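Working notes, beginning with the structure itself.
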Amino acid sequence: MVDHGKFEALHVQLLAISASNPFSQKLFAASLHLLYPLLSDHPDFKVIQDYGVLNLHGETNHPVAKGAYFLIDKHGMIRGKWIRPPGEVFPNDELLQAAHELGE
């Protein structure tokens with residue numbers, strides 16, 4: 001789980017995005033008591049396509065976003081990209097270190 005306070009201390013804005021519809025996103029975010037926005041890229045999936053994390057799943061090619069983390073600076077430039085292996089929890093430490101280095 002994301003340690004929101006540590007990212008906030010580095011002035012990092014956390015956002016999450018997925019291919020799910022907005023109604024599902026609201027329910028999911030509420031169930032987790034997320035402290036950051038959970039955005040929907042449904043129905044066109046443009047953002048997850050543009051960021052290279054669109055995955056077509058199963059026989060029906062159901063669109064899902066790969067678990068990924070992007071570090072984007074104040075100017076909108078991508079400074080880091082991490083793809084989370086399926087089924088694994090990605091540790092905060094590597095992301096926090098990269099955010100800290102970007103802020104120096």
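The values are calculated or read from the model by the stated rules, or taken from the named source; none is laboratory data. These numbers come from a predicted model, not from an experiment. No Cβ is skipped: glycine too gets one built from the backbone with ideal geometry, and neighbour counts run over all protein chains shown.
Yes or no: Asp3 under 30 Å from Glu104 (Cβ atoms) and at pLDDT 95 or above?
no
Output the qualifying pairs, or none if there are none: Cβ atoms under 6 angstrom, residues six or more apart or on different chains, first residue in the stretch 35-57 and touching a residue at least 12 places away in the same chain (Cβ under 8 Å) and farther than 16 Å from Tyr69 by Cα, second residue surrounded by 14 or more Cβ atoms within 10 Å (Cβ to Cβ) and among the acidic types (Asp, Glu).
Hits for this filter: zero, empty list.
Please specify each residue of the stretch 1-59 satisfying the condition of being assigned to a helix (DSSP H, G or I), farther than 21 Å from Pro86 by Cα and of a type outside the set (S, T, N, Q).
If the condition is that a residue be assigned to a helix (DSSP H, G or I), farther than 21 Å from Pro86 by Cα and of a type outside the set (S, T, N, Q), then His4, Gly5, Lys6, Phe7, Glu8, Ala9, Pro22, Phe23, Lys26, Leu27, Ala30, Lys46 are the ones that fit.
Would you check which residues across the stretch 58-77 are without any contact (Cβ under 8 Å) to a residue 24 or more places away in the chain and closer than 18 Å to Leu15 by Cα and list them?
Residues satisfying the conditions are Lys66, Gly67, Ala68, Phe70, Ile72, Lys74, His75, Gly76, Met77.
Of Tyr36, Tyr51, Tyr69, which residue is modelled with pLDDT of 90 or more, in contact with a helix residue (DSSP H, G or I) (Cβ under 7 Å, 6 or more places away or on another chain) and surrounded by 10 or more Cβ atoms within 10 Å (Cβ to Cβ)? Before you say what the answer is, go through the steps one by one.
Details: Tyr36 fails: modelled with pLDDT of 90 or more; Tyr51 fails: in contact with a helix residue (DSSP H, G or I) (Cβ under 7 Å, 6 or more places away or on another chain).
On inspection, the qualifying residue turns out to be Tyr69.
Quick one: is Gly76 surrounded by 10 or more Cβ atoms within 10 Å (Cβ to Cβ), part of a loop (DSSP other than H, G, I, E, B) and on the phi > 0 side of the Ramachandran plot?
No: the conditions fail for Gly76.
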